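Everything below concerns the one structure shown next.
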Amino acid sequence: HGRIVHVTPASAGWTHVGFDVWKLKPGEEAAGGEAGREVCLVFIGGKGHVFVGAKDFGVLGERNSPFEGKPWSVYIPAGERWKVTAENAVTLAVCTPRFASECNTSSSKCSAAVGAAAAPGCLAKTV
């Protein structure tokens with residue numbers, strides 16, 4: 001358990017994107033956040049209590065596997081610390097672009113979700 005996959009742009013020979021997968025037991029935590037890196041947390045399965053900086057998003061996620069409905073995700077601005085505490089067994093994907101300044105959110109569908117937790121169906125909680 002804990003972080004089971006850790007891919008950096010350097011280790012994969014990629015230009016921008018990093019990718020981690022965490023498997024957590026109830027009560028275990030995943031955490032991160034770096035200057036210059038935006039983060040997208042995707043609940044592949046399970047429920048977790050999410051904190052971004054001082055903001056408490058509560059418990060997110062509603063499926064136990066990727067075959068049981070839509071995923072929940074949280075966008076985290078570059079430099080913000082984040083933490084997820086598992087409520088049940090959680091599989092969490094953590095995606096990070098290398099340079100936040102290279103992301104053109106002005107033309108992206110996600111521009112409205114900046115600093116938000118996106119629930120199934122693209123609903124969002126604004127920070």
Of 93, 117, the only residue that is in contact with a strand residue (DSSP E or B) (Cβ under 7 Å, 6 or more places away or on another chain), modelled with pLDDT under 85 and within 23 Å of residue 17 (Cβ to Cβ) is 117
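Just checking, which of 32, 48 is of a type in the set (Gly, Ala, Ser) and either more than 14 Å from residue 3 (Cβ to Cβ) or at pLDDT 95 or above (or both)? So that I can check it myself, show each step before the final result.
Values: 32 fails: either more than 14 Å from residue 3 (Cβ to Cβ) or at pLDDT 95 or above (or both).
None of the others qualify; the one that does is 48.
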Check: Quick check: anything in segment 43-57 without any contact (Cβ under 8 Å) to a residue 40 or more places away in the chain and either exposed (fewer than 14 other Cβ atoms within 10 Å of the Cβ) or assigned to a helix (DSSP H, G or I) (or both)?
Finding: yes
Residue count, segment 58-97, condition under 16 Å from residue 1 (Cα atoms) and assigned to a loop (DSSP other than H, G, I, E, B), comes to 3
Surrounded by fewer than 19 Cβ atoms within 10 Å (Cβ to Cβ), modelled with pLDDT of 60 or more and on the phi < 0 side of the Ramachandran plot: does that describe residue 62?
yes
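The values are calculated or read from the model by the stated rules, or taken from the named source; none is laboratory data. Note that the coordinates shown come from a computational prediction; the quantities given were computed from them, not determined experimentally. Heads up, the Cβs are rebuilt from the backbone with ideal geometry, glycines too, and the neighbour counts pull from every protein chain shown.
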